[in-house]
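Right, one structure below, let's go through it.
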Amino acid sequence: MTAKRVTTWTVRRQRELGEPLVMVTAYDATFARLAESADVDIILVGDSLGHVIQGLDSTIPVTLGEMIYHCRCVTRVTQRAMVVGDLPFGSYQSSVRTGIRSAERLLKEGGVQAVKLEGGQPHVELVQKLTQMGVPVMGHLGLTPQSVHAFGGYRVQGRNEEAALTLLEDARALEVAGAFSLVLECVPAELAKRVREAISIPTIGIGAGPHCDGQVLVIYDLLGMNDGFQAKFVKRYDSLGDKVASAVRAFGEEVRTRAFPTNDHSFE
Ligand code: KIV
């Protein structure tokens, strides 16, 4: 029998019970299956796929069509984890109507159970409307990568009291509008603690310290498959990048020396 799907209700309940939420990104069926078999609660089809799948240096060019494609790859093979799809840059900022249409497509065509969007008070009306329509919304505050140009780079956010107060206001506004959870990215641990105390929905941190209700990492980062810049908040749980390269090298050597294939891998 398939286990029951993680829902917004389960996610809220985990905060009440003090059970940490585990979220990882996945963008394709293979990693989605592996993540689910490892018992994660939430799979995020993040627009970070712009970096790790598409080789871009920001998430800004990622399109709604690309997000839908990757969401479909993930939702096709998952049964238990909640799948959240990112609304990419340009798919919700211009008007509430555009945001609703984009979220509808992520649910109907991508098959996700919830959407995530970046930013606070400017999106309150959209979050309200989506929640009323029955679309669960995960908020995202702090270092919101779609605003990288406005931030002048990927920097820790909320370091001074004024910025911290704005972030707290944004978090409260998202909760009131109906968001069921909130990602906090790259903010001082103490600020993440204040946010968590100020709201009752679960916070999920990435570079936001230990006081959040859950943690998320990009799957390629935690597996050690990313040779580029490593943010301080990334912990590598393996070095699969080296292992993949050495397995492919071993294959290459056997092909060149004609050690592969043998009869074991051939048909009579
Ligand atoms: O796109 C993404 O993967 C994200 C996480 C890093 C939170 O937004």
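The values are calculated or read from the model by the stated rules, or taken from the named source; none is laboratory data. This one's a predicted model, so the numbers in the text were calculated from it and none came from an experiment. With ideal geometry, Cβ positions are generated from the backbone for all residues, glycine too; neighbour counts draw on all protein chains shown.
Looking only at residues of region 180-205 that are of a type outside the set (G, A, S) and in contact with a Cys (Cβ under 7 Å, 6 or more places away or on another chain), we find that the one that is surrounded by the fewest Cβ atoms within 10 Å (Cβ to Cβ) is R196.
Name the residue, out of G139, G119, that is closer than 14 Å to E185 by Cβ, in a strand (DSSP E or B) and within 16 Å of the chain's Cα centre (by Cα). Within the list G139, G119, the selection yields G139. Taken over region 114-134, the criterion of being surrounded by fewer than 21 Cβ atoms within 10 Å (Cβ to Cβ) and in contact with a strand residue (DSSP E or B) (Cβ under 7 Å, 6 or more places away or on another chain) is satisfied by T131 alone. Taken together, the residues in region 188-208 that are under 21 Å from V234 (Cβ atoms) and within 15 Å of the ligand (Cβ to nearest atom) amount to 7. Anything in region 1-42 that is more than 21 Å from R72 (Cβ to Cβ), under 18 Å from the mean Cα position of the chain (by Cα) and free of Cβ contacts under 8 Å to residues at least 24 places away in the same chain? List them, or say none. Of everything in region 1-42, those that are more than 21 Å from R72 (Cβ to Cβ), under 18 Å from the mean Cα position of the chain (by Cα) and free of Cβ contacts under 8 Å to residues at least 24 places away in the same chain turn out to be A38, D39. In region 215-231, the condition of being assigned to a helix (DSSP H, G or I), in contact with a strand residue (DSSP E or B) (Cβ under 6 Å, 6 or more places away or on another chain) and either over 17 Å from T25 (Cα atoms) or assigned by TED's automatic domain parsing to the domain that holds A192 (or both) is met by at least one residue. So, A114, is that one in the same structural domain as L64 (by TED's automatic domain parsing), more than 16 Å from the ligand (Cβ to nearest atom) and aliphatic (A, V, I, L, M) or not? No; evaluated as a whole, the condition is false for this residue. So, G90, is that one out of contact with any Leu (no Cβ under 9 Å at 6 or more places or on another chain), assigned to a loop (DSSP other than H, G, I, E, B) and on the phi > 0 side of the Ramachandran plot or not? Considered against the rule, which asks whether it is out of contact with any Leu (no Cβ under 9 Å at 6 or more places or on another chain), assigned to a loop (DSSP other than H, G, I, E, B) and on the phi > 0 side of the Ramachandran plot, G90 comes out as no.
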